[in-house]
1. Compare R306, R326, R230 in a GNM of the chain, Cα atoms joined below 10 Å, and give the one with the largest fluctuation.
2. Would you list which lysines come within 28 Å of K112, measuring only between C-alpha atoms, while excluding same-chain residues fewer than 8 positions from it?
3. Looking at the calculated P(r) for the chain, what percent of the C-alpha pair distances fall above 37 Å?
4. Given contacts defined as C-alpha pairs under 8 Å and at least six residues apart, what's the relative contact order of region 107-247, whole-number percent?
5. Find, among the GluC sites (Glu not before Pro) in region 242-317, those assigned to loop by DSSP (not H, G, I, E, B) with at most 10 other beta-carbon atoms within 10 angstrom.
6. Just check region 1-96 against the gyration tensor rule for me: Cα atoms, a ≥ b ≥ c as the square roots of the eigenvalues, rounded for a/c under 1.5, and otherwise prolate or oblate depending on whether a/b exceeds b/c.
7. Please arrange E190, E157 by accessible surface area, largest first, computed with a 1.4 Å probe and ligands excluded.
8. Arrange the residues S329, S36 by how much accessible surface each exposes, largest first, with a 1.4 angstrom probe.
Amino acid sequence: MPILVTGGAGYIGSHTCVELLNAGYEIIVVDNLMNSKQESLSRISEIAGKSFPFYQVDLLNEQELEKVFIENEIDAVIHFAGLKAVGESVRLPLRYYHNNITGTINLLNIMKKYDVNRMVFSSSATVYGMPERVPISEDFPLSALNPYGRTKLMIEEILTDLYKSDHKWSIALLRYFNPIGAHKSGMIGEDPNGIPNNLMPYITQVAVGKLPELSVFGNDYPTADGTGIRDYIHVVDLAKGHLKALEKVSTSNGIESYNLGTGKGYSVLEMVEAFEVATGVSVPYKIVTPRPGDAAICFADASKARKEMEWAAEKSLREMCEDSWRWQSKNPNGYDENLIQTGTGNPHSKSGDFFHVKID
Ligand code: NAD
Ligand code: WQD
């Protein structure tokens, strides 16, 4: 029976769809494309050599969502769909609560109606708030620093209450650390709208010449070089974690949370250097004031996922940088077909310059 993937056109969802198809799963994708492009779905299909049904449906539209369950027998749901920009969530909290929480409740109501009880949920290391220590294990106290984080925390609580009310449910809460990288083919990857909020897409956009320089948010943290430390994980390793979680929810009932990280932390300046070494492209940067709400150090204790799901991240930081760069350099404008690249190279290497043309 197929796996329903909500948000399957997005960054992590698209990589997970490829891994699911490669492993022989049938999939159905639901996405309203509010933060993704349909082109990513064609590319998933091309990489895996398989096609799959896609429903352009908003989780807020219960009737349309129910049709997906009427037309298909679904075994389990991997639930990626949600808005994820921290700053935007502070400006537009109601949009975040409505989309992420109401969307999830709609999905759960329909799952209940059609007796689909297995879910793998995209949570986030953000549920640890400002961690007091590292490495962070799943039993650390939970808190939220912004509305986005609160939606993740609230959904974890909703899912916990649901399991308590009915032990038929089987749920994995996957707390991702910092996903970066892209599929080896360079055909799918992260395609942020506008100026990226996150470090790696910012670095690759500087490297490709779309942005002039990286702003490093603070160099006075209590770390060796003063810049913030995070646990960066290759998105393909992360995607594989979903297949392990799917096996887990298919073989036992309950609700469990798992950290998906490497257990290693790198500073912002170490990331810049690793990127330059892996790609040969320089990334100019300047130090600016810290970003409010940023923790100094955040990395996972990922031993629970290793013990209980037999999952561990395998890819090196070098591969993360190489693969992020392959995606960005092959697709300087992401999936956007209306923008074409002319010229070659990047402004920080000696090979030339390029610019973008918008086709009306
Ligand atoms: P993404 O924005 O690339 O993918 C999310 C997808 O969900 C998009 O394709 C979007 O169009 C879709 N979507 C959003 N709201 C929807 C709705 N109401 N109905 C239907 N589709 C909807 O994000 P991503 O980076 O792939 O993240 C996937 C999930 O993982 C999100 O829930 C995110 O909060 C979580 N997460 C991401 C990160 C990260 O750094 N990328 C870290 C931790 C957790
Ligand atoms: C990493 C490091 C920044 C950008 C965010 C969300 C979190 C989760 C993952 C979804 C930090 C520094 C960044 C830049 C910089 N998402 N930085 N200049 O903040 O760990 O986590 O994404 O759940 O909820 O908060 O990731 O990539 O934004 O930052 O110096 O332009 O890079 O200060 O130290 P973060 P990030």
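The values are calculated or read from the model by the stated rules, or taken from the named source; none is laboratory data. Please read all numbers here as calculations on a predicted model, not as lab measurements. Virtual Cβ from ideal backbone geometry, glycine too; neighbours counted across all protein chains shown. Protein only, heavy atoms only, side chains kept; ligands, DNA and RNA dropped before computing areas. Shrake-Rupley method; radii C 1.70, N 1.55, O 1.52, S 1.80 Å.
1. Most flexible of the set in this elastic network: R306.
2. Counting by Cα, and skipping residues close in sequence, K112 has these lysines nearby: K67, K84, K152, K164, K168, K240, K244, K248.
3. Values: 10297 of 64620 pairs.
Cα-Cα pairs in the chain separated by more than 37 Å: 16 percent.
4. Working: 136 pairs, mean separation 34.1, N = 141.
Relative contact order comes out at 24 percent.
5. On the way: sites: E247, E256, E270, E273, E276, E308, E310, E314; in loops: E310, E314.
When the GluC sites (Glu not before Pro) of region 242-317 are filtered for loop state and at most 10 Cβ neighbours within 10 Å, E310 remain.
6. Working: a/c = 2.20, a/b = 1.41, b/c = 1.56.
The shape class here is oblate.
7. E157, E190
8. Values: S329 50, S36 20 Å².
Largest accessible area first, the residues go S329, S36.
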